Structure formats: C-alpha cells, structure tokens
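Q: Before we start, here is the structure in question, set down as structure tokens.
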Amino acid sequence: MKRAVIASALVVILGATHLIGQQAPAFNRYEVLSVLEVYLESMRQQAGIPGMSAAIVRDGTILWERGFGFQDVARRVPATADTPYLIGEASGTLASVLLLQCVEQPSIPLSNELMSICDLTIATGGPAMVKAAYSSGKPAYGVGAGNATMVIDETADVEDAARNSAISKTNDHGSGCSADGNLLVDASIYDRMLERLQAEGGYLVRGRERDLLQRAYWDADGHRTPNTIARSAAASVWSTMASSWAVDRNHVVR
C-alpha cells in the first residue's frame, strides 16, 4: 500500500488487531472483520468522506486491507486498498494524529520525528514536550493544563465550529483539560466566527472591559484567581463586574 494510505487509515482500526491476533473465543476472524467493515463504512458515510482505505498491519505484515467509497466520485470509481491519497492541509493534521495513535511504544525520539514532519504541533504534557515542539522546526503552540488550543481553518463550518466551541467551553464551566481554551481562527473567516460566537451566547469585551476582565481572572503575578475557576460567568465575573461595564446587565451569557 502507499505510505499516504497507511498514514491516513491504518490506525482507525488499530484496536481490531488485538481481537484478531488473540482469537477471542466469542468471535472468529471473519466475524470481527465483518463487524469492522460495517462500522468503517458507516463512519465514512456519517463523516461525509468520499473514499478511504484501511488496513490492519501486524509485525510488518498486512493482515487485512480494503477500500471504502470512491476514489473518483464523479466517475464512480471505487476506492481500493491501494488507492493513493494526498496528505495536506486538514488531512495532514488528521494523518499525523492517527499516526501518533498507531505508535505502540511512544518515545521522545518518535515524537520528535513526528513533529518534524507535520504542519503544526499543539503540545501539552510538560515543559520538556513544549520545548521539543518549539524546537521541531515547524510551527507549534505549547499549552498548559486546561488550556487546549483549537485551530479553526478556512474549510470549517463556522456555525458548527462556534456551537461546538460554546458547548466545550461551557461544559462544567470550562474546567476540563479538553475544553476549548484558545481559538486560532483563519483571517478569512474571523469576522464570521466572531459573530457566531456571540450568537451562541458569548460577549465581546473591548477596551476597559478587557482590562477589568483580566484583573478579575488573574492576579498581579499572573495566576488565576480561585473564585473564577470552574464557575459560570453569571455567578462570578459577570455578577460582580457588570455594574462597572458599559454593558447591558440583561445580556444572556453562557
């Protein structure tokens, strides 16, 4: 198979290799593959993927491979196990993430190699990992716990992206490490994204409001203030500071 195919599809089914290799008593090889194929095809259709290829590889040997959907939708040419796929832009990011999941024994050298060939790295896990990302020679963003960075590029569905960001940030008042802590938005959709975020219940602070908000959230040493962590905007900052802002106190915030 082509390297691009392996990178983009191999790890989608990595977990199935254990079922096949261990030959669990409740299933045989063909039953497992049948269920897997139905699942992958369903996933492809739900995600709107025109065509994809998948494989199970163990110890360098291809145990199973198959194409799903079409490599040429207009001409209805089916995708096969050997269909080559271009990796770039959004697909490059996806392939890099999937490839990382495929590593059975993660190590710093392997992480360094992966970061050196991908387009963008968002690193968390401690100062050493962040330093390695910044030294990879490729664009990188290092984030701390609970400060996940989301990249919203020009291909994104702006309404869905804004809605998902609002859901993520307001779930448990943004206390989870996977909550959208920062949004990196492509300039071409920036204004639309800003409008949609406000439509989802966000409030855009400007000038003096921004300064007041910063003082409420961080102390003089740059540490978060305890009374604003994992609390709703209405229960913390909004209720105590809205009187000082030139804003409508009846504005519904999430």
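Q: Filtering the stretch 170-207 down to residues that are among the charged types (D, E, K, R) and without any contact (Cβ under 8 Å) to a residue 24 or more places away in the chain, which residue is nearest to Asn227 (Cα to Cα)?
A: Arg206
Q: Restricting the search to the stretch 140-150, which residues are touching a strand residue (DSSP E or B) at 6+ places or on another chain (Cβ under 8 Å) and without any contact (Cβ under 8 Å) to a residue 40 or more places away in the chain?
A: Scanning the stretch 140-150 gives Ala140, Gly142, Val143, Gly146, Asn147, Ala148, Thr149, Met150.
Q: Next question, about the same structure. Take the stretch 118-130 and flag every residue that is at pLDDT 80 or above and surrounded by fewer than 13 Cβ atoms within 10 Å (Cβ to Cβ).
A: Scanning the stretch 118-130 gives Pro127, Ala128.
Q: When you go through Asn182, Asn171, Asn250 one by one, which is the residue that is at pLDDT below 80 and surrounded by fewer than 16 Cβ atoms within 10 Å (Cβ to Cβ)?
A: Asn250
Q: Out of the residues in the stretch 28-48 that are hydroxyl-bearing (Ser, Thr, Tyr) and either modelled with pLDDT under 80 or within 13 Å of Phe68 (Cβ to Cβ) (or both), which is surrounded by the most Cβ atoms within 10 Å (Cβ to Cβ)?
A: Tyr39
Q: Here's something else I'd like to know. When the stretch 185-234 is examined, which residues are found to be of a type in the set (A, V, I, L, M), surrounded by 12 or more Cβ atoms within 10 Å (Cβ to Cβ) and at pLDDT 85 or above?
A: Residues satisfying the conditions are Val185, Ile189, Met193, Leu194, Leu197, Ala199.
Q: Could you pull out the residue among Lys131, Lys169 that is more than 25 Å from Ala47 (Cα to Cα) and outside the structural domain of Gly48 (by TED's automatic domain parsing)?
A: Lys131
Q: Let me ask something else about it. Do we find a residue being closer than 30 Å to Pro226 by Cβ, free of Cβ contacts under 8 Å to residues at least 24 places away in the same chain and not assigned by TED's automatic domain parsing to the domain that holds Asp59 anywhere in the stretch 115-124?
A: Yes: one or more hits.
Q: Which members of the stretch 203-230 meet the condition of being assigned to a helix (DSSP H, G or I) and closer than 20 Å to Lys169 by Cα?
A: Arg210, Leu213, Gln214, Ala216, Tyr217, Pro226, Asn227, Thr228
Q: If you scan the stretch 153-177, which residues turn out to be hydrophobic (A, V, I, L, M, F, W, C) and farther than 16 Å from Ile189 by Cα?
A: Passing the criteria: Ala166, Ile167, Cys177.
Q: Further question: Please specify each residue of the stretch 125-180 satisfying the condition of being assigned to a helix (DSSP H, G or I), among the small types (Gly, Ala, Ser) and within 21 Å of Gly201 (Cβ to Cβ).
A: Within the stretch 125-180, Ala161, Ala162, Ser165, Ala166, Ser168, Gly174 meet the criteria.
The values are calculated or read from the model by the stated rules, or taken from the named source; none is laboratory data. Given the structure is predicted, the values throughout are model-derived calculations rather than measurements. Cβ coordinates were reconstructed from backbone atoms using ideal geometry, including for glycine residues, and neighbour counts include every protein chain displayed.
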